[in-house]
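Reading through the structure tokens given below for one structure.
Only the coordinates and a few stated rules stand behind these numbers; no lab work does. Please read these numbers as outputs of a predicted model, since none were measured by experiment. Methodologically, a virtual Cβ is constructed for each residue, glycine included, from the backbone with ideal geometry; neighbour enumeration extends over all protein chains shown.
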Amino acid sequence: MNTSANNTNSNPKGKAVMFLTALIVVLTIVLAVVGFLFYSQHIESVEIQQQLNAEKDSITLNLQEIMYEYDVLETDNEKLQAKLQEEQERATKLYDELRQVKQVSYSKIKEYQRELGTLRAIMRDMVVEIDSLNTLNQQLIAENIKVRQEYTISQKTVESLEQQTEELSSAVERGSVIKARNVNIITINKRSREISRARNVDKIQTCFILSENSIAKPGPRYVHIRILGPDGFILAKSNTDMFDFDGEKIVFSARREVDYQNKDVEMCIYYDNNGELIAGKYEVFLFMDGQAIGQGEFLLR
């Protein structure tokens, strides 16, 4: 009789231990997945920044070449001489700026590329004008021919860099997407208690974390959610509640503004039930900056 009683008393404890063990295993797996995703995003950000710095170094070398080419140009024409000096100072200023900057953004790379192209074009026009005035001696004329040849080579280099920059832009765009993680959706009644019966739901609560992203653009923006019901329709308060996605206007269920500053942001968005909820499986999709950033689902009885 005593043995039977002991087995009865120990059984609930054994179940509790098994439950806690399973819970620890699940949490360990979740933490490992989250850590891996964070590490992957960090590596991608580092690689993109390295590519940007490589582009900056290439532009710096091209500027050195331009500065040398300006140095070998000479003219007796005062107007051209003043313009030549102005462009030399412009190239030197840009070169000094590039040497001082440690990290550059994609938009800055494009700006430097445009400035480099402008300097090249102005130098070409000045070479033509100086040649037409015949103010250079034979040695300088020969050097100018060399400059024009070098310009052609440099122009091809610039075109190649522009192509690389365009390819890099797609990588930057992918890397700058702010992802939502730990998406958790619950349905609550008017007392803010979690329930699963459709007719008693007062609000649908969608909570998540906007992940840290060092290369994303900071500032205020909206996070939109779209709730797809088991009947295949999107829950919406009004047909005029629209936002831009993939070149189209689509309806949203709810939204919330957030001031994102490249750090993790915990937030929740609520959808008020107006009585149209039915039993079945619901899917929730999250959007920001015209990009899909996460999703989740829940069931109602």
Hz values of 3J(HN,Hα) by residue in segment 283-296 - Karplus curve (6.51, -1.76, 1.60), Gly and Pro given as x: 10, 10, 10, 10, 9, 7, 6, x, 10, 6, 10, x, 7, x
Distance between segment 60-93 and segment 97-132 - C-alpha centres, whole angstrom: 12
Phi to ³J(HN,Hα) by Karplus 6.51 cos²θ - 1.76 cosθ + 1.60 over segment 225-230, Hz, x for Gly, Pro: 10, 10, 9, 9, x, x
Computed P(r) (all Cα pairs; segment 212-301; 10 Å bins; percent): 15, 47, 29, 9, 0
Difference of contour (0.36 nm per residue) and Cα-Cα distance, GLN85 to THR21: 15.4 nm
Inter-site label distance for LEU299 and LYS281 at 7 Å from Cα along Cβ, in nm: 0.9
Sequence of ILE204, ILE122, ILE130, ILE153 once ranked by neighbouring C-beta atoms within 10 Å, starting from the fewest: ILE153, ILE122, ILE130, ILE204
Selection from SER196, GLY232, THR206, by position along the positive dipole direction of segment 180-300 (Cβ): SER196
Phi to ³J(HN,Hα) by Karplus 6.51 cos²θ - 1.76 cosθ + 1.60 over segment 240-253, Hz, x for Gly, Pro: 8, 7, 10, 8, 7, 8, 6, x, 10, 9, 10, 7, 10, 8
Proximal lysine pairs, segment 180-300, alpha carbons under 23 Å, eight or more residues apart or interchain: 9
SER253 long-range amide H proximity, modeled H, under 5 Å: ILE225, ARG226, ILE227
